[in-house]
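One structure is given here, and the rest of the page talks about it.
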Amino acid sequence: MTEVVAAGSATELWTQTQPAVLLEPPGHIDPVDQAEADISGWVESGLTFVTVLDDRYPARLLDIHEAPPVLFARGELRRDDLAVSVVGSRKATERGLEMATTIAQEIVRLDITVAAGLALGIDTAAHRAALNANGRTVAVIGSGINRYYPAENRELQEEIADRGLVISQFWPEAPPQKHTFLMRNATMSGYGLATIVVEAGETSGSRAQARMAVGHGRPVILTDLVVDKNQWARDLRGRPGVHIATGLQEVVAIIKELLSRPGDALEAARHLVSA
């Protein structure tokens, strides 16, 4: 990505790194022509395709070193989306699901986008609560955007694409793999202003996202459900930007306090504090 940015465009980088030849081998397909055909096909199928050099690329993602070079999107892509990630365990408890639901409802009430990873459990509860409250939600997925994973959330993915946004950093038909979910977590951390971990286990992807968010300089809010059950969460206590919340009201108070801080994207949201 840094090479493309430095060169000014992917085409310019290609010109610099690929020497011209007098005669192409028989049957050779020009990569630039193929790329143009691929992009045209994606657009014709209803996908939005953006690169880090495009004005529509989500601005906050540019703050992290894992920023995806390209994004595929279905739905309304906003450059300056004011979002908070709500993540957690796929095998959530009833209390965890209830907390994810109420947190998402409160985020929507503040006119903030709810970002999550479309996984079962906490993610699904957060997405569904945001939609039911007529709010905006963004699904950052770990597969190609033409895939539906998990299969149980196919209808939810379609509804989010219709009413919010689904984004993927992988080729449209790419299958989900273990490493793609970790890459997705980094992207979700970068997309939002903060990450709220509602409930998670010792090996949860939410644990990875919390650590990534700390590395990104993004605030992390851990509920007591997470801290009480996980050593990794207790190890994060006292780290800069890490907040512990024992209930919904504390989560909301922390979000409002973060929004009241001047600087960067938070400055644009200061008016929400009085909501």
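Read the figures in this text as sums done on the coordinates, not as results from a lab. Everything numeric here is computed off the predicted structure, so don't read it as measured data. Virtual Cβ from ideal backbone geometry, glycine too; neighbours counted across all protein chains shown.
Overview of values
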quantity	calculated
Cβ charges +1 (Lys, Arg) and -1 (Asp, Glu), total dipole of segment 135-275, debye	400
Whole-angstrom gap from segment 180-200 to segment 202-259, using each part's C-alpha centre	12
Label-point gap, in nm, between residue 163 and residue 228 - each point 7 angstrom along Cα→Cβ	3.2
Cα-projected label distance for residue 79 with residue 91, points at 7 Å along beta-carbon direction, nm	4.5
Within straight-line cross-link reach of residue 229, lysines at Cα separation under 21 Å, skipping those fewer than 8 residues along the same chain	91
